[in-house]
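Novice: My questions all concern the structure below.
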Amino acid sequence: MDEFALFRNITIIFATLMLFKYVLFMLIAPFYPVKELLRRKKLLKEQESWPKYAPLVSVVIPAWNEAVGIIKSVSSAMANTYDNIEVIVVNDGSTDETENRVMEYIKKHKDRFTKTKYVSYYYKANSGKGATLNYGIRKAKGDIILTMDADSALAKNAITNLIEYFKDNSISGVVGNVKIGENYTFIGLMQRLEYLFGFYFKRTHSVVGSEYIFGGACAAFRASVFKDIGEYDEVNKTEDIEMTMRLKAHGLKSAYAEDVICFTEGAGNLSGLINQRLRWKKGRLDTFMRYRSLFFSTNKN
């Protein structure tokens, strides 16, 4: 067999496996609403006499040179229909106008802050996203910690919907539904399709309990998780994937929240898209190698 024929056969095998995967995902995904309905009915039956659950939610926003989008992110969190929120902005040594924009926002809106809805700002020397998230988590007072990117914006009812999932005491982490914002360039439209399919397939991950990516744009955990299994990895290039896999490795339950919507910018050009995807692939490979014992494991935990 010559080299071309070998390459062709390998390509056909991988293409067939990918096709099988996507067909299987398409068949399973429609069962997600059924699973969620049954879970909520069970929860309602168990907790119908419980008091209202309204924990403090700490929204941690790491920012490095995010002067363009940071106020949109902060404003979207503060505009949420949920009223027990602290927004924590951690400036990771920015060299642009990030600090000035945030301080101007706080000064302008401080009179509207309440004891249960306010913004805190911290500056630290540049040390990467993982370290910046950990800094914010250590400052957080909430029982629930929601992380979001500084170029993202929450839908108005996102946090209200998020809390519904944490009413289930068995759930330790929740990943939201991230959508690409109004970017009508060719690259923007391609990413919108990518995110549309990717997050639709999270329905399948949810049904079979195999979710392994809590994207940093919209991920939430009980504060106790960071005490029990540790904070974000400050070396891994994809600290969000590493944290998700660690959650699985410790047998903690997670959920996909389709109604917790967050809009993000996505890569703005081809070079940015390529660099982003290479970083994601490298970080994912490193994480999979670290948690390789989970693959093909028969341990239900």
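The values are calculated or read from the model by the stated rules, or taken from the named source; none is laboratory data. Keep in mind that this is a model prediction, so the values were computed, not measured. Cβ placement follows ideal geometry from the backbone for every residue including glycine, while neighbour counts extend to all protein chains displayed. Heads up: the accessible areas ignore ligands, DNA and RNA and are worked out on the full protein's heavy atoms, side chains in. Shrake-Rupley method; radii C 1.70, N 1.55, O 1.52, S 1.80 Å.
Novice: Among the helices (runs of 4 or more DSSP H) confined wholly to segment 1-90, which include 1 or more residues that are within 30 Å of His109 (Cβ to Cβ) and polar (S, T, N, Q)?
Specialist: In segment 1-90, 70-78 are the helices (runs of 4 or more DSSP H) which contain 1 or more residues that are within 30 Å of His109 (Cβ to Cβ) and polar (S, T, N, Q).
Novice: Can we say Val174 is open to solvent by 60 Å² or more (accessible area, probe 1.4 Å), among the β-branched types (Val, Ile, Thr) and closer than 25 Å to Pro33 by Cα?
Specialist: Criteria not met by Val174.
Novice: Moving on. Which of the residues belonging to segment 196-229 are among the charged types (D, E, K, R), in a helix (DSSP H, G or I) and under 26 Å from Ile137 (Cβ atoms)?
Specialist: The answer is Lys202, Lys227, Asp228.
Okay, residues lined up against (1) in contact (Cβ under 8 Å) with a residue 40 or more places away in the chain; (2) among the aromatic types (Phe, Trp, Tyr); (3) part of a helix (DSSP H, G or I); (4) more than 27 Å from Ala249 (Cβ to Cβ):
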position	(1), (2), (3), (4)
Tyr121	no, yes, no, yes
Leu133	yes, no, yes, no
Lys156	yes, no, no, yes
Ile159	yes, no, yes, yes
Lys179	yes, no, no, yes
Glu194	no, no, yes, yes
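Novice: Considering segment 2-29 alone, what residues qualify as being surrounded by 10 or more Cβ atoms within 10 Å (Cβ to Cβ) and over 30 Å from Gly209 (Cβ atoms)?
Specialist: Passing the criteria: Leu6, Phe7, Arg8, Asn9, Ile10, Thr11, Ile12.
Novice: Any idea which of (1) open to solvent by 20 Å² or more (accessible area, probe 1.4 Å); (2) in contact (Cβ under 8 Å) with a residue 12 or more places away in the chain is the one Ala255 doesn't satisfy?
Specialist: Unmet for Ala255, out of (1) open to solvent by 20 Å² or more (accessible area, probe 1.4 Å); (2) in contact (Cβ under 8 Å) with a residue 12 or more places away in the chain: (1).
Novice: Being assigned to a loop (DSSP other than H, G, I, E, B) and either within 19 Å of the chain's Cα centre (by Cα) or not aromatic (Phe, Trp, Tyr) (or both) is the filter here, so list the residues in segment 257-301 that pass it.
Specialist: Glu265, Gly266, Ala267, Gly268, Asn269, Ser297, Thr298, Asn299, Lys300, Asn301
Novice: Can I ask one more? Would you be able to tell me the number of residues in segment 19-43 that are touching a helix residue (DSSP H, G or I) at 6+ places or on another chain (Cβ under 7 Å) and over 16 Å from Ala257 (Cβ atoms)?
Specialist: Here the count works out to 3.
Novice: Hey, can you tell me all the residues within segment 213-233 that are open to solvent by 30 Å² or more (accessible area, probe 1.4 Å) and under 14 Å from Val60 (Cα atoms)?
Specialist: Correct list: Arg222, Glu231.
Novice: Oh, and also: What pairs can you find where one residue is in segment 73-100 and small (Gly, Ala, Ser), the other is in a helix (DSSP H, G or I), and their Cβ atoms are less than 8 Å apart, with a gap of 6+ or different chains?
Specialist: Ser75/Tyr105; Ala77/Ile159
Novice: What are the residues in segment 184-198 that are open to solvent by 30 Å² or more (accessible area, probe 1.4 Å) and either closer than 23 Å to Pro30 by Cβ or polar (S, T, N, Q) (or both), if any?
Specialist: Across segment 184-198, the qualifying residues are Thr185, Arg192, Leu193, Glu194, Tyr195, Leu196, Phe197, Gly198.
Novice: Go through Asn236, Asn275, Asn269 for me and flag whichever is open to solvent by less than 30 Å² (accessible area, probe 1.4 Å) and not aliphatic (A, V, I, L, M).
Specialist: When all the criteria are applied, what remains is Asn236.
Novice: Also, I was wondering about something else. Restricting attention to segment 132-152, which residues are open to solvent by 10 Å² or more (accessible area, probe 1.4 Å) and small (Gly, Ala, Ser)?
Specialist: Ala140
Novice: Could you tell me which numbered condition Lys156 fails, if it satisfies all but one of (1) open to solvent by less than 30 Å² (accessible area, probe 1.4 Å); (2) under 29 Å from Val102 (Cα atoms); (3) of a type outside the set (A, V, I, L, M, F, W, C)?
Specialist: (1)
Novice: Residue pairs, Cβ under 6 Å, 6 or more apart or interchain, first in segment 1-27 and modelled with pLDDT of 90 or more, second assigned to a helix (DSSP H, G or I). List them.
Specialist: Phe25/Thr204
Novice: For segment 48-56, indicate whether the set of residues that are farther than 26 Å from Ala267 by Cα, under 22 Å from the mean Cα position of the chain (by Cα) and either open to solvent by 100 Å² or more (accessible area, probe 1.4 Å) or among the aromatic types (Phe, Trp, Tyr) (or both) is non-empty.
Specialist: no
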